[in-house]
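Every read-out reported here was derived from the displayed coordinates using simple, explicitly stated rules and does not represent laboratory data. Computed from a predicted structure; not experimentally measured. Note: ideal-geometry Cβ built from the backbone for every residue, glycine included; neighbour counts use all protein chains shown.
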Amino acid sequence: MKLIAQAKLLPDDEQRAYLLQTLEQANALCNWLSEQAWQLKKFRRFDLQAACYYAARERSGLSAQMVIRC
């Protein structure tokens with residue numbers, strides 16, 4: 001059984017800017033990872049993660065959880 005909770009964020013202007021910046025960074029990282037997958041011909045998540053994880057962390061500055069989810 002899955003339990004799901006729905007929440008609505010009500011950020012102020014500063015928090016909204018940080019959220020937008022984080023989403024833009026995550027999208028840019030996902031695009032970069034897609035390019036890497038095609039260049040390296042690694043399409044399985046584990047293979048791509050092994051090849052690009054540390055570079056992705058360094059490149060993006062995002063948390064480990066955000067990098068893994070891309």
Between K2 and R45, what is 0.36 nm times their sequence separation minus the Cα-Cα distance? Round to one decimal in nm.
13.1 nm
Cysteines (scope the chain) whose Cβ has no counterpart Cys Cβ under 4.7 Å:
C52
Net length gained if the chain between S34 and D13 were fully extended (0.36 nm per residue, minus Cα distance)
4.4 nm
Taking springs between alpha-carbon atoms closer than 10 angstrom, which of A28, A17, A37 fluctuates most in the Gaussian network model of the chain?
A17
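By the gyration tensor of its Cα atoms, with a ≥ b ≥ c the square roots of the eigenvalues, what is the shape of region 14-69: rounded for a/c under 1.5, prolate for a/b over b/c, or oblate?
Numbers: a/c = 2.81, a/b = 2.17, b/c = 1.29.
Prolate shape, in that a/c is at least 1.5 and a/b is the bigger ratio.
If we sort 61-69, 1-9 on the protection proxy, mean other Cβ atoms within 10 Å, highest first, what's the order? Numbers along the way, then the final one.
Numbers: 61-69: 13.4, 1-9: 4.1.
My ranking of the peptides, most packed first, is 61-69, 1-9.
Only helical DSSP H runs with n ≥ 4 go in: add -39500 (n - 2.57) per run for the chain, normalise by residue count and round the 222 nm mean residue ellipticity to 500 deg cm²/dmol.
Working: 3 runs with 50 residues, N = 70.
About -24000 deg cm²/dmol.
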Gaussian network model of the chain, springs between alpha carbon atoms under 10 Å - residue of Q15, Q25, Q49 with greatest fluctuation
Q15
